[in-house]
Each structure stands twice: as structure tokens, then as C-alpha cells.
Amino acid sequence: MTSKDTNPKDAVGIRKWRVFSALPLTVIAEAGVALLEGARKYGRHNYRVAGVRASVYVDAAMGHVMQWWEGEDVDADSGLSHVTKAIASLIVLRDAMIQDMLTDDRPPRGNLDELRPRLQANVDQLFDRYPDPAPAFTQKRRSVPPEQNAIDMGLKAPVFEPLPRNENEKVCIPLNSRYMHHNYIPQTRNNDE
């Protein structure tokens with residue numbers, strides 16, 4: 001048999017609220033281990049009884065995301081990804097909201113409705129002003145090829161080097177370039193200083 005008649009339950013089942021088939025099991029498994037850490041420390045589902053202060057879990061989630069963003073992939077305490085730890089924090093926060101166990105200590109509501117369009121106008125102007133932006137410096141792209149850097153800045157010799165890997169390597173401090181203003185000044189760190 002190469003094809004199957006549609007089971008009537010299929011048509012109803014795909015429209016049910018429980019859509020677990022859309023969840024990536026890998027992330028769910030990691031989140032489970034992150035929540036196990038809290039369960040072992042504080043008791044499983046303690047947050048459903050004790051409640052949750054919003055600011056604590058926002059700080060935890062944002063802290064883990066920022067640590068990951070700044071290049072620290074793994075949380076030293078748990079050995080899990082900082083992203084996984086952030087997800088676990090948000091799971092607890094959202095569950096507390098659903099269970100009405102949240103202490104909502106957010107600040108008074110900001111005027112985002114007024115701020116958003118102003119900021120968007122600024123962003124649009126920046127895109128118009130700089131239609132061909134300088135490439136981003138990322139973890140995988142830590143420097144510009146020296147010949148390209150010299151061309152971009154109208155210089156005769158390359159002056160930019162990769163970020164240092166140890167304290168004796170040269171460090172380039174951007175002062176005025178196309179990326180900040182116009183010059184890169186190479187400096188060498190010495191242990192004698």
C-alpha cells in the first residue's frame with residue numbers, strides 16, 4: 001500500500017491546541033535538564049507554589065542571553081548553554097503568568113507607542129544615509145583584510161591587525177575611521193608597564 005486514506009481523526013487532530021509536533025525535541029530536552037537543576041536545588045515546580053518575582057526571572061533570562069551574546073557559550077554552574085538557561089528562566093516566568101503566581105514588579109509602563117515610530121524613523125534615516133554599510137566585526141570575522149582596510153581609509157599601508165590572542169600581541173584601537181572615524185593606532189601591550 002503506497003498511500004493511505006485520510007483518517008477522520010487526522011483532520012481534527014491537526015487543528016488541536018496541543019501542537020507538540022512543532023517543538024524541537026533537542027531544545028525541549030535541554031530545557032528539561034536546566035529545569036532539573038532548579039528542581040534539585042529548590043524542589044520541582046516550587047515556583048507554582050512559592051510564586052515568581054518578574055524582575056528576578058527577567059534579570060536571569062537577559063543575563064544569560066547577554067553572556068551568550070558576549071561570547072560565553074556555556075554557563076559555568078550547569079554546563080548548559082546560556083541560551084538554554086535563558087529559555088528555562090522564561091519557561092518559569094511564563095508558567096507563573098499562566099498560573100497567576102507572578103509578582104509583577106515591572107516598572108510603570110513606558111511610552112513605547114510614542115518611542116517606537118521615532119526610533120524607526122532614526123533607523124530608516126541611518127539606512128538611507130549609509131546604504132552600503134561597513135561589514136560587521138563578528139566572532140568569525142574578527143578583522144578586515146589589511147589591504148581592504150587601507151583602501152577604505154585612503155591609506156597607503158595596511159594598519160589594522162586581528163584582535164590580540166595574548167597580552168603581548170599588537171592591539172589596534174579605533175579612534176577615527178570609517179568604522180568609528182578615520183585612524184587606527186596600533187599599540188603593543190607590554191607586561192613591563
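The values are calculated or read from the model by the stated rules, or taken from the named source; none is laboratory data. This structure is a prediction, so every number in the text was calculated from the model and none was measured. Glycine also receives a Cβ, built like all others from the backbone with ideal geometry; neighbour counts cover every protein chain displayed.
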Practice problem: May I ask you to list the residues in segment 47-62 that are surrounded by fewer than 15 Cβ atoms within 10 Å (Cβ to Cβ) and part of a helix (DSSP H, G or I)? | Solution: 48, 49, 50, 55, 56, 59, 62
Practice problem: Consider only pairs whose beta carbons are under 9 Å apart and that are at least six residues apart or on different chains; among these, list those whose first residue lies in segment 29-51 and is of a type in the set (S, T, N, Q) and whose second residue is part of a helix (DSSP H, G or I). | Solution: 46/38; 46/39
Quiz item: Does any residue in segment 64-76 that is in contact (Cβ under 8 Å) with a residue 24 or more places away in the chain come within less than 8 Å, Cβ to Cβ, of a residue that is acidic (Asp, Glu) six or more places away or on a different chain, and which pairs are these?
Solution: 64/75
Practice problem: Filter segment 87-106 down to residues that are over 18 Å from residue 25 (Cα atoms), among the hydrophobic types (A, V, I, L, M, F, W, C) and in contact (Cβ under 8 Å) with a residue 24 or more places away in the chain, then give me how many there are. | Solution: 5
Self-check item: The listed residue being modelled with pLDDT of 95 or more, under 27 Å from residue 137 (Cα atoms), outside any loop (DSSP other than H, G, I, E, B) and out of contact with any Lys or Arg (no Cβ under 9 Å at 6 or more places or on another chain), out of 39, 86
Solution: 86
